[in-house]
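The structure appears right after this line, and notes come after that.
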Amino acid sequence: MSQAPPLVADDAAWTAEDDDRTPETLRWLRTRRRRHRRQRHRDLAVVLYTVLLLAAGYGSTFVYRFAQHLHHDALHGDTGAAIGRALPGALVFLALAAALLAARDALWRGPVVVPGPDAAWLLDQPVDRGRVLRPWFRLTAGLALLAGALAAVAGALLLRITGLSPLGAALAGCLPAGSCLPLLAVALATQVESRPRLARRVRALTPYGVLLLMALAGQTVWAWSGHRLPVVEQIELWSGPWGWAAQPVVHTAGGSAPGHLAALVLLVVLTAGALTAAYRRVPAVRNAQLRTRAATAATVSSVLWSVELRAAKLAVSEALGDRGAGARRRLPMPRSRYLVVVWRDAVALLRAPGRVGGAALWTVLAAAVAALGVRADGAARTVAVVVALVLGYVAVGALAEPARLEGDDLRRSAWSPFRFATLMVQHAIVPAALGAVLALLAAVPFAFQGGAWALVVMPLCAVPFAAAAVLSAVRGPVRTELLFLGVPTPMGDPGFLVFLVWYVLAPLISVTTLAIAVGSLLAHGFAAGAVAAFALTSVLLTAALLALAYRRAAKLRGH
């Protein structure tokens, strides 16, 4: 290739009159990258093969049995009718959740993600930015369309298994949503990525979006239990593309959607227009932004391959850059040093209200799944209880970020008048208290329906979850040596399972113990003695987890 062309100014407008080196530059890069691309494709094929093998080997049996049980419940119970009632709210919830996730993803990564060398060198050359960036946009749109198609097939199978629709009609009803909604999400993310003002607006409106999702989750559970809001559902189904996409599915399942054909036309027209506008907008993404996002994506990818999930989360949080919205909010200083940890944790949450909002959302979802579990029986009840407890742990864990920050860097604890182990135990107080308050609020609807037991049981679940979150915070460096134990078994090397158990030991202990206790509680009909036994189990579990956290923290610190 001839001598490299001179650099141009960052984000300078490229015109056809300039010295266009695009064809020869891209041709030279394809030649140089051919060997690397082949190796990358081989590595990707191995990864996909491994994932498919694990999914087929470990997940196929569970999925088959779950489908059989769901089909049986639909034939001999109210499951099919309940799903039909909940479809409008659930579909709108899923569509808006996908839109919010796409917009948030565009704040740090985005649909247009170029490799680091391309962002650092290629885009500074006199080349057509559209020819460089648009293939990455098309790749993201194609992957999103594939994921949407798979989701549409899964939804069609659900409608077929529950007897709500034949498979052909179900596919015809689900494919428009599975095709258009992912493309709309990609178009929205492109606009957010290329418009800084829109990105700031997404950050500001995220808490309100979370509140809207919480309301939709509550409406979905309310409809599942037989209390529909027809007027609200019709407003939602005509309020935007999230409702237009839901109408063909609702109509296929026998619901009320008389204008589904008009909604389908509106959805297709809007998707085509939004995708065209986003495709034209791709070259407007700035070089400096692309370089930053490429560096963040490379960091996240590298730490994920080393199973450093915490480091990946910190990298994403740093790239989002929406912390500190409440940086000026303060609380009165405590007079006793024994309250200083509680004060610091409370101030940290006050200055990061998004964590509290996220915890509230996960709590609402946990309560919604718990409500479904109370009305179910057999294996469905067990699955619902476990899922609700996992969501509850995630909710309380979102409030324990100060403990994780202390565990990430032991030097942070230099301010504390306490030993490191004592400090870490005290970090469980605020998550336990606030998590119990959120759980108590989520239990109020249960109490109105005659389930006063929930006012005691649900807050009691938050306390051991806080202790488990602190125990996870002092887990220490990732022990990747557990992935390869070199012990041959008929199922292969058990290293991955051993590592997984080590990594999720704290939530595994808490969720398993509470699931057994809740199962016993459900079996005894929420009698006073059973509730007292559950309370005792929660107290003992919390004490055991805190003792283990204290021991691990002392070992981590070296004293």
Taking the stretch 369-402, which residues are of a type in the set (G, A, S) and more than 23 Å from G450 (Cβ to Cβ)?
A379, A395, G397, A398, A400
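Table: residues versus (1) modelled with pLDDT of 75 or more; (2) within 29 Å of A288 (Cα to Cα); (3) out of contact with any Leu (no Cβ under 7 Å at 6 or more places or on another chain); (4) of a type in the set (F, W, Y).
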| position | (1), (2), (3), (4) |
| --- | --- |
| A12 | no, yes, yes, no |
| A16 | no, yes, yes, no |
| R21 | no, yes, yes, no |
| L48 | yes, no, yes, no |
| Y58 | no, no, yes, yes |
Output the qualifying pairs, or none if there are none: Cβ atoms under 6 angstrom, residues six or more apart or on different chains, first residue in the stretch 402-420 and in a helix (DSSP H, G or I), second residue at pLDDT below 80.
E406/R412; E406/S413; F420/S413; F420/R557
Among A172, A199, A217, A204, which is the only one that is farther than 26 Å from G354 by Cα and outside the structural domain of A442 (by TED's automatic domain parsing)?
A172
L211 being of a type in the set (A, V, I, L, M), out of contact with any helix residue (DSSP H, G or I) (no Cβ under 7 Å at 6 or more places or on another chain) and at pLDDT below 90:
yes
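Can you tell me which residue within the stretch 265-319, out of those that are among the basic types (K, R) and within 29 Å of F496 (Cα to Cα), is surrounded by the most Cβ atoms within 10 Å (Cβ to Cβ)? Lay out the reasoning, then the answer.
Initially, the stretch 265-319 is screened for residues among the basic types (K, R), giving 280-281, 286, 291, 293, 310, 313.
Still in the running and within 29 Å of F496 (Cα to Cα): 310, 313.
Numbers: R310: 16, K313: 14.
For the stretch 265-319, the residue satisfying everything is R310.
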Give the residues of the stretch 193-215 that are in contact with an Asp or Glu (Cβ under 8 Å, 6 or more places away or on another chain) and either outside any helix (DSSP H, G or I) or not small (G, A, S) (or both), sorted by residue number.
R203, T206
Taking the stretch 514-556, which residues are buried (at least 16 other Cβ atoms within 10 Å of the Cβ) and among the β-branched types (V, I, T)?
V518, V531, T537, T542
Failed condition for E193, given (1) over 23 Å from P88 (Cα atoms); (2) crowded, with 16+ Cβ neighbours inside 10 Å; (3) more than 21 Å from the chain's Cα centre (by Cα):
(3)
For the stretch 44-79, what are the residues that are in contact (Cβ under 8 Å) with a residue 24 or more places away in the chain and surrounded by 13 or more Cβ atoms within 10 Å (Cβ to Cβ)?
F66, A67, H69, L70, H71, D73, A74, T79
The helices (runs of 4 or more DSSP H) lying entirely within the stretch 75-170 that contain at least 2 residues which are modelled with pLDDT of 90 or more and small (G, A, S) are 79-105, 129-161
Complete set of residues in the stretch 253-279 that are at negative phi and either not in a helix (DSSP H, G or I) or not assigned by TED's automatic domain parsing to the domain that holds C174 (or both)
A253, G255, S256, A257, P258, G259
Out of curiosity, is S225 in the same structural domain as P111 (by TED's automatic domain parsing), in contact (Cβ under 8 Å) with a residue 40 or more places away in the chain and closer than 26 Å to Q449 by Cα?
yes
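The values are calculated or read from the model by the stated rules, or taken from the named source; none is laboratory data. Because the structure is a prediction, the values reported are computed rather than measured. With ideal geometry, Cβ positions are generated from the backbone for all residues, glycine too; neighbour counts draw on all protein chains shown.
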